[in-house]
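One structure is given below, encoded as structure tokens.
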Number of protein chains: 2
Amino acid sequence: MRFIVPILCFLMAAASASAQPSDPVVLVVHGGAGTISRDRVTPERETAIRSALEEALRAGYAAIEEGNPALDGVVDAIEVLEDDPHFNAGIGGVFAADGTVRHDASIMDGATGQAGASTGTMHIRHPIQLARAVMEHSVHVMLNEEGAEEFAIQQGLEIVPNSFFHTEHRRRALEAAQERERELQGDAGYVPEEWQMIGTVGAVALDNEGHLAAGTSTGGMTNKRWGRIGDSPIIGAGTFVNDATCGVSSTGHGEYFIRLAIAHDIHARAMYGGETCTEAAEAVIHETLTEAGGTGGVIMLDRHGNVAMPFNTKGMYRGYITRSGQVTVKLYADE
Amino acid sequence: MRFIVPILCFLMAAASASAQPSDPVVLVVHGGAGTISRDRVTPERETAIRSALEEALRAGYAAIEEGNPALDGVVDAIEVLEDDPHFNAGIGGVFAADGTVRHDASIMDGATGQAGASTGTMHIRHPIQLARAVMEHSVHVMLNEEGAEEFAIQQGLEIVPNSFFHTEHRRRALEAAQERERELQGDAGYVPEEWQMIGTVGAVALDNEGHLAAGTSTGGMTNKRWGRIGDSPIIGAGTFVNDATCGVSSTGHGEYFIRLAIAHDIHARAMYGGETCTEAAEAVIHETLTEAGGTGGVIMLDRHGNVAMPFNTKGMYRGYITRSGQVTVKLYADE
């Protein structure tokens, strides 16, 4: 039994694996999931978000087309979104309860299984670059707060004041969250609302060599306190990739994504359970996450260039670009 | 194919699942894996470690025998090991590069899927209690450094000065590590040695209701810097449990355990791949971890009371207690 089960499952997995699409996807990005619906997004904002997602896709695509590794595609795409104040990462990251913007990020290389992550940084222009530096230039996977910043300075990464990331609309969101908290007289029992968790960004890329990479970057949760760490910097929750299966980047109510190890679970269902990565991603979001009461979504890109972008919220900022350069960008559930 | 594969795998898993042992294990603990061999452990130290492991087992067993939930068994067992200077957790936690002792801990409830974790605390007498408080009394899963301590103080947990945790032998270990680092003139390239990672503690318990829980507590890595976070506070890496399969607590070179999502991978192989949890634990340590070049081990307890304690180091401090109160304690690979 010990040997028969894995062999049978492997054979069934091989039989059910999706074939290479004629125009495979090489890069998929997300800009967060949540209460994203037509009556809540102004036309100007919709246009700005669609064009930012396309810009991110074109930036990452350019790197991959030039023959660079998938990691470059992921970093180049995420940097565009970190620089755009519409997303909860880099500039426009949400405010923590203490009035600072604190970033978390992670990245993983599907070819080597190497990974890097940083949590709670306040002064790193591009947190996704720091996650990559942790992976490539330290012996560790995850660095924390001041220590992570010390490492970033040693690595020569761009350092900016925390105010560089501040935006007026995020400050108003913090004030609204704190007002609501006072109304509820809540503290430890205060349950964050869905709009407080919109906007994490992420990317998964497939390079010309057939290698995958995935990354995620966020400001976390509006009004977060006690040094709350969400799923974005957690390998296996916010980010996971393995060349044998697929890459995943998550966005949503991070506590559920950590407890369910969402990104690794998608890999594991494909690796051990004989599902395609698309089936696995759909099942993990629409069954596992939904049945647990969690909200959010993932982007998934498999080693054949098949893409999935399941979510159980009203919308998710998302898009992908194919080998031939065809861009698709979507915001709402009915697109 | 989408439905046939999971059903077949489930049937095969059911057929291969181990039966309930006649005297099932109700609690398993570890006190770290590493270069533990007879020529490196004095008789006095060996006696002290064996008796501490037995004391931890008896403490957790008492809680479970009284009809308390598995979580109580885990916390009561780990508290004994946190209070014992022979282990790298609580008192006797290793020193970080800056001369402080900083604790990480995590806990998870197999019945509900709830989890809690804390990182980098310096003043919490029993970090495993903090992890449990995060799980039970906050809306978050993971709290960080000062924020975690603020929460612990609000929760009324016991607060002590950092010097409470300091021990002479750990200070000498820090000095030795820093001397070695200077010799290598290393910095980011410095690779920690196996002895720097011994001593994390953990427990997995099965209560009278058939529910599982798992927890892990550590001081991390001697001479750790840049706020390095290891696997112990990461749900899916250092700790994972699901009543449908088994509970796992990890110890070893944490970076490998994070990248491989070791604890969740054992669950996933059993859940989706049709292996027993024992087969899964053995495969993940002796194949996945070993092939990746990582060192360490896990303790695994499944819902039937089957136990596994695989490791690929020279030894692992480990033991378990059965429903009837039979205690087994082992240190070396040949026991």
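The values are calculated or read from the model by the stated rules, or taken from the named source; none is laboratory data. No experiment lies behind these values; they were computed from the predicted model shown. When we count neighbours, we look across all protein chains shown, and the Cβ atoms used for this are built from the backbone with ideal geometry, even at glycine. Protein only, heavy atoms only, side chains kept; ligands, DNA and RNA dropped before computing areas. Shrake-Rupley method; radii C 1.70, N 1.55, O 1.52, S 1.80 Å.
Scanning region A:114-138 for residues that are open to solvent by 40 Å² or more (accessible area, probe 1.4 Å) and farther than 20 Å from A:Gly247 by Cβ yields A:His123, A:Arg125, A:His137. Can you pull out every residue in region B:1-38 that is at pLDDT below 50 and either in contact with a His (Cβ under 8 Å, 6 or more places away or on another chain) or more than 30 Å from A:Ala270 (Cα to Cα) (or both)? Passing the criteria: only B:Ala17. The number of residues in region B:246-266 being of a type outside the set (A, V, I, L, M), open to solvent by 10 Å² or more (accessible area, probe 1.4 Å) and modelled with pLDDT of 95 or more comes to 2. Taken together, the residues in region B:289-313 that are crowded, with 19+ Cβ neighbours inside 10 Å, over 15 Å from the mean Cα position of the chain (by Cα) and more than 20 Å from B:Leu212 (Cβ to Cβ) amount to 3. Filter region A:314-327 for residues that are open to solvent by 20 Å² or more (accessible area, probe 1.4 Å) and within 18 Å of the chain's Cα centre (by Cα); which is farthest from A:Ala52 (Cα to Cα)? Restricting to residues being open to solvent by 20 Å² or more (accessible area, probe 1.4 Å) and within 18 Å of the chain's Cα centre (by Cα), the top hit is A:Lys314. The single condition from (1) touching a Lys or Arg at 6+ places or on another chain (Cβ under 7 Å); (2) surrounded by fewer than 22 Cβ atoms within 10 Å (Cβ to Cβ) that A:Gln20 fails is (1). Just the residues that are assigned to a strand (DSSP E or B) and within 13 Å of B:Ser249 (Cβ to Cβ), please, taken from region B:290-309. Matches in region B:290-309: B:Gly296, B:Gly297, B:Val298, B:Ile299, B:Met300, B:Leu301, B:Val307, B:Ala308.
Across region B:126-155, the number of residues qualifying as of a type in the set (A, V, I, L, M, F, W, C) and touching a residue at least 40 places away in the same chain (Cβ under 8 Å) comes to 4. Before we move on, is B:Leu71 open to solvent by less than 10 Å² (accessible area, probe 1.4 Å) and modelled with pLDDT of 90 or more? No; evaluated as a whole, the condition is false for this residue. Among the conditions (1) touching a strand residue (DSSP E or B) at 6+ places or on another chain (Cβ under 8 Å); (2) at pLDDT below 95; (3) away from chain B (no Cβ under 14 Å), A:Leu81 misses just one, which is (2).
Of the residues examined, B:Ala111 is one that is open to solvent by 40 Å² or more (accessible area, probe 1.4 Å), farther than 21 Å from B:Gly254 by Cβ, of a type in the set (A, V, I, L, M) and within 13 Å of chain A (Cβ to nearest Cβ).
B:Phe87 meets all of the listed conditions (1) in contact (Cβ under 8 Å) with a residue 24 or more places away in the chain; (2) closer than 18 Å to B:Leu71 by Cα but one, namely (2). For region A:221-241, how many residues meet the condition of being open to solvent by less than 10 Å² (accessible area, probe 1.4 Å), at the interface with chain B (Cβ under 10 Å from one of its Cβ atoms) and more than 17 Å from A:Ala281 (Cα to Cα)? Number of matching residues: 5.
For region A:147-166, the criterion of being more than 14 Å from chain B (Cβ to nearest Cβ) and either among the hydroxyl-bearing types (Ser, Thr, Tyr) or buried (at least 19 other Cβ atoms within 10 Å of the Cβ) (or both) is met by at least one residue.
Here's the yes/no breakdown for (1) within 22 Å of the chain's Cα centre (by Cα); (2) closer than 16 Å to B:Val75 by Cβ:
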position: B:Ser106; (1), (2): yes, yes
position: B:Arg132; (1), (2): yes, yes
position: B:His140; (1), (2): yes, no
position: B:Leu143; (1), (2): yes, no
position: B:Gly156; (1), (2): no, yes
